[in-house]
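The values are calculated or read from the model by the stated rules, or taken from the named source; none is laboratory data. Since the structure is predicted, the reported quantities are computational estimates derived from the model, not experimental observations. Don't worry about glycine lacking a Cβ; one is built from the backbone with ideal geometry, like all the others, and counts go over all protein chains shown.
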Amino acid sequence: MARFLVTAGPTREALDPVRYLSNRSSGKMGYAICDALITAGHEVVLVSGPTALESPANADVLQVESAQEMHEACARQWQYCDALFAVAAVSDYRPSAAQSQKIKRVNDALSIELVANLDIVKDLAATKGERLVVGFALESENGEQHARQKLESKNLDFICLNAPQAQGADVSELTVFSRDTKWQVGPCTKATLATELVEVILENSNV
Ligand code: C5P
């Protein structure tokens, strides 16, 4: 039995007390992966951005909002885990400062400065040692090329490529890449997809 850290869902990056930047991630894939890992007999700690989903039964769940909160929670948990599935759609940028009061309407245009968020999976993978790290890539063009680049640059063992149509969908498919092999999983429901993905990865890793 191994202990898996899973990130899931979107992040919210505050602009002011009532507004945020976010994305269309539903969290369904990450939550389905938690269920599949638990069914396969493993322990799961889920660090989740805001979703409408029920927490997976028998997982330790830490709810967060921003990428910085997700990073802090993951950094604390990583030392106790054997593997990481980074499924969250983490916002690449956040407003350089969240305003303390609601931003007022101005005349025509409003500019908001954004600064880069830390890459959580890359940061944790830098200290992975023999541990397993799996990432996801959602690409709208040149999927295989971008996924393979991310596999290398983020120091991942596997990367799972999906298309923008996967966001919020119940039926989906993935192409999974390791350094030297490629697998096609689905199309099928996200529950079946997660079960088959977990099988492929566990059969082809040391966990
Ligand atoms: O570079 P891109 O955002 O496409 O990479 C996607 C992968 O990296 C996913 O596994 C996602 O969870 C992870 N990621 C992250 N922290 C970020 C951005 C992406 O962990 N700030």
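Got a sec? Which of 94, 105 is surrounded by 19 or more Cβ atoms within 10 Å (Cβ to Cβ) and among the charged types (D, E, K, R)?
Going through 94, 105 in turn, the sole match is 94.
Hey, can you tell me all the residues within the stretch 120-165 that are farther than 15 Å from residue 90 by Cβ, in a loop (DSSP other than H, G, I, E, B) and under 16 Å from the mean Cα position of the chain (by Cα)?
139, 155, 157, 163
Which one is nearest to the chain's Cα centre (by Cα) among residues in the stretch 18-59 that are among the small types (Gly, Ala, Ser) and outside any loop (DSSP other than H, G, I, E, B)?
Among residues in the stretch 18-59 that are among the small types (Gly, Ala, Ser) and outside any loop (DSSP other than H, G, I, E, B), the one nearest to the chain's Cα centre (by Cα) is 30.
What's the number of the condition residue 61 fails, among (1) more than 10 Å from the ligand (Cβ to nearest atom); (2) farther than 21 Å from residue 198 by Cβ?
In the conditions (1) more than 10 Å from the ligand (Cβ to nearest atom); (2) farther than 21 Å from residue 198 by Cβ, residue 61 misses (2) alone.
Mind listing just one residue for me: the one in the stretch 41-69 that is touching a helix residue (DSSP H, G or I) at 6+ places or on another chain (Cβ under 6 Å) and more than 22 Å from residue 202 (Cβ to Cβ) and, of those, surrounded by the fewest Cβ atoms within 10 Å (Cβ to Cβ)?
The selected residue is 53.
More than 10 Å from the ligand (Cβ to nearest atom), under 26 Å from residue 71 (Cα atoms) and either out of contact with any Cys (no Cβ under 8 Å at 6 or more places or on another chain) or in contact (Cβ under 8 Å) with a residue 24 or more places away in the chain (or both), is that true of residue 114?
Yes: the conditions hold for residue 114.
Taking into account only those residues within the stretch 10-25 that are touching a helix residue (DSSP H, G or I) at 6+ places or on another chain (Cβ under 9 Å) and either closer than 22 Å to residue 190 by Cα or modelled with pLDDT under 95 (or both), which is surrounded by the fewest Cβ atoms within 10 Å (Cβ to Cβ)?
24
Results for (1) of a type in the set (A, V, I, L, M); (2) free of Cβ contacts under 8 Å to residues at least 60 places away in the same chain, shown as yes or no for each residue.
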| residue | (1), (2) |
| --- | --- |
| 77 | no, no |
| 83 | yes, no |
| 89 | yes, no |
| 97 | yes, yes |
| 100 | no, no |
| 118 | yes, yes |
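Quick one: what pairs do we get from the stretch 136-157, first residue over 20 Å from residue 9 (Cβ atoms), second near the ligand (Cβ under 8 Å from one of its atoms) and not in a strand (DSSP E or B), C-beta under 8 Å, 6+ apart or different chains?
146/139; 147/139; 153/122; 155/122
Select from the stretch 74-111 the residues that are in a loop (DSSP other than H, G, I, E, B) and of a type in the set (Ser, Thr, Tyr) and write down the one among them that is nearest to the ligand (Cβ to nearest atom).
Residue satisfying both the conditions and the ranking: 91.
What single numbered condition from (1) within 16 Å of the ligand (Cβ to nearest atom); (2) within 19 Å of residue 162 (Cβ to Cβ); (3) not aliphatic (A, V, I, L, M) fails to hold for residue 123?
Evaluating residue 123 over (1) within 16 Å of the ligand (Cβ to nearest atom); (2) within 19 Å of residue 162 (Cβ to Cβ); (3) not aliphatic (A, V, I, L, M) leaves (2) as the failure.
Please determine, by comparing only the residues of the stretch 128-167 that are among the aliphatic types (A, V, I, L, M) and more than 12 Å from the ligand (Cβ to nearest atom), which one is surrounded by the most Cβ atoms within 10 Å (Cβ to Cβ).
So, considering only residues that are among the aliphatic types (A, V, I, L, M) and more than 12 Å from the ligand (Cβ to nearest atom), the one surrounded by the most Cβ atoms within 10 Å (Cβ to Cβ) is 166.
Within the stretch 117-127, which residues are touching a helix residue (DSSP H, G or I) at 6+ places or on another chain (Cβ under 6 Å) and surrounded by fewer than 16 Cβ atoms within 10 Å (Cβ to Cβ)?
So the first thing to find is which residues in the stretch 117-127 are touching a helix residue (DSSP H, G or I) at 6+ places or on another chain (Cβ under 6 Å), and the list is 117-118, 120, 124.
Scanning the stretch 117-127 gives a single hit, 118.
Go through the stretch 69-97 and count every residue that is under 14 Å from the mean Cα position of the chain (by Cα) and not acidic (Asp, Glu).
Number satisfying all stated conditions: 13.
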